[in-house]
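Following: one structure in structure tokens, then a few remarks.
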Amino acid sequence: MTETRVRIAPSPSGNLHIGTARTALFNYLYAKKMGGKFVLRIEDTDAERTEQQYIDNIFDSLKALGLNWDEGPDVGGDYAPYTQSERFDIYPEYAQKLLDAGFAYECYCTPEELEAEKQASQANKVAHVYSGKCENLTEEEKAKLIAEGRKPAIRFSIKKALKAFHETSEITFDDLVKGELKQNGDLIGDFVIMKSNGTPTYNFAVVVDDLLMKITDIIRGEDHISNTFKQILIYEALGVEVPRFGHLGMILAPDRSKLSKRHGATAVSDFIKEGYLIEALVNFVALLGWAPSDGVEIKTVDEIAADFRIAEVSSSNSIFEYDKLNWMNGQYIKKMPLEELLEHAKPFLAEYNLERYTHDELLRILEITREPITLLSELKYDTEYLFNDDIKLDEVSEVLSAEYANDVLSRTLEISEGLDFSSEEPLHEAFANLRGEFKEKGIKPKETMWVIRAATTGRTRGADMCAIIKLLGKDEFTRRIKAAMN
Ligand code: GLU
């Protein structure tokens with residue numbers, strides 16, 4: 001059996017989009033499942049839209065997601081991606097094959113002539129396809145056009161390919177995801193495979209590359225279905241085996257429009273910057289079109305790969321529910337080992353002096369603050385009072401102006417005197433007693449703690465109070481209490 005080989009072939013005209021990441025993931029899962037290989041190819045034939053920063057971003061984002069490709073030019077123990085622009089000398093040879101076999105021809109039409117054809121079709125209200133007028137040029141006619149300074153493009157002859165390989169004009173294929181798909185080849189029109197400047201067009205380069213890279217299965221977005229019919233004809237005209245194709249539904253925003261920046265992050269690197277965990281992102285993205293057989297949605301990549309079947313991927317569009325992603329990210333934050341979480345959290349706490357606490361204390365800080373958060377970026381605000389001693393009391397003035405507030409604070413100072421701050425246990429006991437004392441005076445236990453929390457954090461809500469008191473330590477805790485009393 002031939003080895004399964006799949007690829008992701010992003011065009012570097014932007015940062016790695018979450019939709020492309022989904023396509024990459026499904027290819028990666030399919031390769032894993034089949035024991036095959038996953039290849040990365042940067043499709044940068046469109047020089048105007050290509051930027052190195054996007055190539056780097058695609059590269060880094062795929063790596064961050066753990067979607068490592070299995071081969072490519074060796075760069076010091078790592079694989080560089082295949083890059084189309086470095087392969088420009090390969091394509092003319094294949095174009096020549098098609099010319100020689102009569103499946104392609106030179107086209108000398110100027111942009112103005114092509115535009116005029118298009119206008120005429122529009123005026124006649126017919127779908128525009130290229131007239132094919134250059135297909136039968138004689139050598140003399142060509143020589144004349146060349147003498148005029150014209151440089152030919154190369155077009156693919158649909159008619160010839162249909163005639164040679166298909167009984168009717170219909171082109172069909174069995175899509176891995178969508179089942180049988182068909183298209184009337186007469187509506188395609190002879191398309192350019194090599195531009196007059198000698199560079200290949202997407203549809204041609206992609207076939208030559210997939211062929212040379214021995215890609216067996218092409219899994220990509222359904223926006224490429226119309227290209228697939230063209231590509232099938234090119235494979236046939238080159239006399240090679242046609243790979244299998246599978247087209248994934250699109251990813252839409254919650255309002256069912258195209259997912260765009262106005263809905264939220266769309267680039268993988270932006271999701272990471274906003275505080276999404278890789279594991280959560282990958283898990284969430286896998287669920288865009290795929291469903292676990294046991295209904296349990298939280299799964300590792302390996303568990304997903306074991307359960308992944310391309311034929312079961314939904315052929316319809318998926319909705320990108322940011323709320324669900326947030327929920328899922330929260331689940332991962334709650335479950336993640338603290339040591340690991342600390343590494344992920346550090347970039348978000350970069351403004352704080354982390355040295356203030358021991359390693360174990362930092363772990364404790366995460367342990368007491370992670371429960372309600374959905375994004376790592378929320379940690380900055382949620383831990384601020386532990387790093388910043390300048391506590392603003394404006395938002396808690398109501399709590400601190402309660403008639404019992406000063407009593408609570410002065411009793412807090414009194415009990416702090418002889419109290420051991422080196423562990424949380426004695427603090428729990430002491431403050432339980434304090435709450436009991438005030439309860440007898442008709443103050444609810446939570447009201448007592450509100451006052452202490454307000455005075456020491458400037459907030460009415462937050463993490464476990466005794467843990468905070470222990471972290472602040474006796475000096476800073478009592479300093480804050482005194483400051484709030486004045
Ligand atoms: N470069 C194409 C794109 O980014 C993908 C081509 C393909 O998967 O065949 O849309």
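Please treat every number below as a calculation from the coordinates, not as lab data. Remember, predicted model here, so these are calculated numbers, not experimental data. Neighbour counts are summed over all protein chains in view; Cβ atoms, including those assigned to glycine, are modelled from backbone coordinates with ideal geometry.
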**Fill in**
In whole angstrom, the spacing between the Cα centers of the range 42-74 and the range 149-218 equals 25
**Message:** List the Cys residues of the chain that have no partner Cys with a C-beta closer than 4.7 Å.
**Reply:** Cys109, Cys466
**Message:** Could you tell me how far the Cα centroid of the range 349-406 sits from the Cα centroid of the range 277-328, in Å?
**Reply:** 34
**Prompt:** By its C-alpha gyration tensor, with a ≥ b ≥ c as the square roots of the eigenvalues, how is the range 121-165 shaped: rounded for a/c under 1.5, else prolate for a/b larger than b/c, else oblate?
**Reply:** oblate
**Entries of Lys178/Lys214; Lys159/Lys258; Lys178/Lys273; Lys178/Lys230 with Cα pairs more than 28 Å apart** = Lys159/Lys258; Lys178/Lys273
**Request:** In whole angstrom, note down how far apart the Cα centers of the range 421-486 and the range 83-135 are.
**Result:** 78
**Asked** With a ≥ b ≥ c the root eigenvalues of the C-alpha gyration tensor of the range 277-321, is it rounded (a/c under 1.5), prolate (a/b larger than b/c) or oblate?
**Response** oblate
**Message:** Please give me the summed charge of the neighbours of Asn124: other residues whose Cβ is under 13 Å from its Cβ, Lys and Arg +1, Asp and Glu -1.
**Reply:** +1
**Request:** Can you put Trp327, Trp450 in order of Cβ neighbours within 10 angstrom, beginning with the fewest?
**Result:** Trp327, Trp450
**Fill in**
Projected onto their principal axes, the Cα atoms of the range 189-328 stretch, largest extent first, over whole-Å spans of 50, 34, 24
**Message:** How big is the range 14-94 along each principal axis, measuring the range of its Cα positions in Å and listing the largest first?
**Reply:** 36, 27, 26
**Request:** List Thr457, Thr358, Thr216 from most exposed to least, where exposure is judged by having the fewest other Cβ atoms within 10 Å.
**Result:** Thr358, Thr216, Thr457
**Fill in**
Dividing the surface of the Cα convex hull of the range 351-480 by four yields a projected area in nm² of 8.0
**Fill in**
By the C-alpha gyration tensor axes a ≥ b ≥ c (rounded if a/c is under 1.5, else prolate when a/b exceeds b/c, else oblate), the shape of the chain is prolate
**Item:** Coarse-grained scattering of the range 253-354 at q = 0.17, 0.19, 0.22, 0.23 Å⁻¹, given as base-10 log I(q)/I(0) from a Debye sum over alpha-carbon atoms
**Value:** -0.88, -1.05, -1.27, -1.33
**Fill in**
Going fewest to most other Cβ atoms within 10 Å around each Cβ, Ser260, Ser377 line up as Ser260, Ser377
**Message:** If I take every Cα pair under 8 Å that is 6 or more residues apart in the chain, average their sequence separation and divide by the length, what percent do I get for the relative contact order?
**Reply:** 12
